[in-house]
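See structure below.
All of the numbers you see were taken from the coordinates with simple rules; none came from a lab. What you are looking at is a predicted structure, and each value in this text was computed from that prediction instead of being measured. So basically every Cβ, Gly included, is an ideal-geometry build from the backbone, and we count neighbours across all protein chains shown.
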Amino acid sequence: MNNSVGNAGRLLWAGLRALLVLTVVLGVIYPLVVTGIAQLAFPGKANGSEIKDASGRVVGSELIGQAYKDLKWFQPRPSNGLGTNSVNTQYKIILSGATNRSGDNGALTDKNGKAYCPEKPEEGTLCAQVMDAKAAVVKDNSVAGYTVKPEDVPADAVTSSGSGLDPHISPEYAELQVHRVAELNHLTVAQVAKLVADHTDGRILGFVGEPRVNVLQLNIALKALVAAKG
C-alpha cells in the first residue's frame, strides 16, 4: 500500500515537473526566441506590416483593406458581401470570411446548371445584387468626357475576396477609377494614371498570382500629391 502511494506520488511529481518545464520552454522561452528572431530579421512583418503616411503616422496595414466613403479616394474591393458602395466596403475584421457564391451556385445558374442571370432579376436576389453593384461602379466612375460601360467593370469591383479583407485591387479596376479621382482632386488624368502605374505590383517571381495595386498605399501617394499641389 505504501509502495503504491509512493509510486503514485513520484509519478505525479514527475508529471508536474514536466508540465512546469514544458510550460517555461514552450510557453515562455520559445515564443520569446521566435519573436526576437522575427524582430531582427523581419521587423516590418513581425509588427503587422504597418504602413505610415508622409508624417510618419501609422495609418493601417498593407495586409488589411480599408473603407473609403469619400469618392475622391480610390475604392477597394467590396467587403462583407455584395451591395451598394456604402454597404459593401465595411472591412471590419470581425466579419472576415468568404461571401461570394461559387459559379455553380443555384442563384447564378439556370435549371440545367449553366451560368445565368436574367436581364431583370428579382429584387434582393444574388443576380440583382451583382447588377446593382456593377451599376454603382458605372455611375460613380462616369465623369464628364469619360463614360464607364458595364462590360468595362472587372470582377473584383463587384465581388469580395475570400477573406473579405483583401487590400488589393486589379490594375484594371484602379485604372477605371482614374478619371473620377482626377476630377474630384483637381488633378490631371496623366498625374493620377502615373500614380496607379507606379503602385502596380507585378506577379510574384514573375509568374505567381496576378498584378495588383495596394489601395492604401495608392491613396497615401494620392494624398501626398494633392498636398504638394497645394
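What the table shows:
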| read-out | value |
| --- | --- |
| Proxy reagent accessibility, fewest Cβ within 10 Å first, across H186, H168 | H186, H168 |
| Net +/- balance of residues flanking P154 in space, Cβ distance below 13 Å, scoring K and R +1, D and E -1 | -2 |
| Neighbour-limited loop hits for chymotrypsin sites (Phe, Trp or Tyr not before Pro), segment 134-230 (at most 13 other Cβ within 10 Å; DSSP other than H, G, I, E, B) | F207 |
| Scattering profile of segment 135-230 at q = 0.13, 0.16 Å⁻¹ [log10 I(q)/I(0), Debye over alpha-carbon scatterers] | -0.47, -0.71 |
